[in-house]
1. What stretch of the chain, leaving out the sites themselves, is the longest with no GluC sites (Glu not before Pro) in a DSSP loop having at most 13 other Cβ atoms within 10 Å?
2. Taking Cα centroids, how far is the range 32-47 from the range 153-208 in Å?
3. With θ set to phi - 60° and the Karplus curve 6.51 cos²θ - 1.76 cosθ + 1.60, what are the ³J(HN,Hα) couplings of the range 105-113 in order, to the nearest whole Hz, using x for Gly and Pro?
4. On a straight-distance basis, which aspartates and glutamates could pair with Lys31 in a cross-link, Cα separation under 13 angstrom, same-chain partners fewer than 8 positions away excluded?
5. Explain nothing, just the number: dipole magnitude of the chain about its Cα centre with +1 on each Lys and Arg Cβ and -1 on each Asp and Glu Cβ, in debye rounded to the nearest 20.
6. Which of the residue pairs Lys134/Lys183; Lys48/Lys197; Lys27/Lys119; Lys145/Lys192; Lys48/Lys154; Lys149/Lys169 have a Cα-Cα distance greater than 27 Å in the structure shown?
Amino acid sequence: MRLRNVKGASEIIENCDYIIKNYKELKGNYKKIFNNNNPIHIEIGMGKGNFIIGMAQKYPDINFIGIEKYDSVIVRAIEKLDIEIPNLKLIKMDALDIEEVFDKEIDTIYLNFSDPWPKNRHEHRRLTSDAFLKRYDGVFKKDKKIIMKTDNRKLFEYSIMSLTNYGYKIKEISLDMYNDDIKDNVQTEYEKKFHDKGMPIYKIEVYK
Ligand SMILES: C[S@@+](CC[C@H](N)C(=O)[O-])C[C@H]1O[C@@H](n2cnc3c(N)ncnc32)[C@H](O)[C@@H]1O
């Protein structure tokens, strides 16, 4: 998702207290910005933020960090943040650099409606490709957990293969989340769009 340039986006981002600016300097010390030892969950490609904001409000004893690479998208999330949520922070960065940002401090990674990159030659850009799974290894604490939702059947099938080949075990899987009565769901913007059209939503939770 890349929205048209939003006027003044970089200024809005610069002035927003939810945004971590010195994110590379905090590597290994993220609990300091939250002032507690609670688990840290991140969403890569948070888009306009519905999920990460909703999760932070629903689970105050977990710290959440939303990651998004485009200014024009992250400002849409910032616009929703006229409330105080102490367990939420955002980082504007490309997940390609994730190993330079976190060190053995993340408990769970959420991948929601990630870009499918359908062409074979773009496989390395998929957030569940080997290239990214390798990057995630060092950011996790000892136990690794990835939770993914998508409308894209091909990306889902690809991700199951990629994750299990990489050593992840499946804890929960659904080929139609809304008919499988999966509880405690927080909807993302894309999820709402696809679910409202009657499309099935796929979900997988894996651990290692
Ligand atoms: C299809 S949108 C889904 C947004 C949101 N998760 C949702 O479900 O509504 C994918 C988002 O991931 C972001 N994204 C894709 N690759 C990324 C990367 N390597 N690092 C950070 N963000 C990324 C895109 O900019 C886009 O906003």
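Readers should treat all values here as calculations from the given coordinates under stated rules, not as data from a laboratory. Worth saying up front: this structure is predicted, and the values here are computed from it rather than measured. Cβ atoms come from the backbone with ideal geometry, glycine included; neighbour counts cover every protein chain shown.
1. 85-208
2. The range 32-47 and the range 153-208 have Cα centres spaced 22 Å from each other.
3. So the J values, rounded to whole Hz, are 9, 9, 9, 9, 10, 9, 10, 10, 6.
4. Reachable aspartates and glutamates: Asp61, Asp103, Glu105, Asp107.
5. 460 debye
6. In this structure, Lys134/Lys183; Lys27/Lys119 exceed 27 Å between Cα atoms.
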